[in-house]
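Below: the structure, in structure tokens.
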Amino acid sequence: MRVTEVARDYVIVAWEPPASDGNEHLLGYEVEKSMAGAGAGTYVSAGYVDVGTLSFRVTRLHEGCDYVFRVSAENRVGLSQPATTDRPVTVKLPFGQFTFDASTLSGTKRNQLLWPH
């Protein structure tokens with residue numbers, strides 16, 4: 001399992017199909033999230049995708065917080081052992097991006113936005 005994109009309020013996770021399907025056709029994948037350091041029993045469902053989907057956008061995250069993610073394959077028998085992210089992920093704006101609040105502009109002052117060199 002890997003993280004392919006990080007933003008200030010979501011993360012996109014991706015995974016490979018399991019090596020074995022337990023001799024039953026896979027039905028889909030359960031994606032879960034937890035705040036880092038919260039303990040093994042604190043995962044909550046982030047969503048469910050069909051068997052043909054191998055990525056998921058996990059939303060409703062808080063900027064600046066660290067999260068861990070896991071995904072389990074499901075077949076008729078139940079859920080597999082989960083695959084997890086290797087380390088916690090900090091939810092934040094990626095390097096080189098910024099936010100701009102136009103409501104802070106006033107009068108005839110000019111503001112210039114510059115990228116760092």
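Here are some notes:
- Percent of Cα-Cα distances greater than 19 Å, calculated over the stretch 2-90: 36 percent
- Cβ-defined net charge surrounding Glu24, 15 Å radius [Lys, Arg +1; Asp, Glu -1]: -1
- Charge dipole (debye, nearest 20) of the stretch 2-90; +1 at Cβ of Lys and Arg, -1 at Cβ of Asp and Glu: 200 debye
- Entry note, the stretch 2-90: relative contact order of 34 percent, from Cα contacts under 8 Å with a spacing of 6+ residues.
Any read-out appearing in this document is the output of simple, stated calculations on the displayed coordinates, not a laboratory observation. What you see is a predicted model; the values in this text were computed from it and never measured. Don't worry about glycine lacking a Cβ; one is built from the backbone with ideal geometry, like all the others, and counts go over all protein chains shown.
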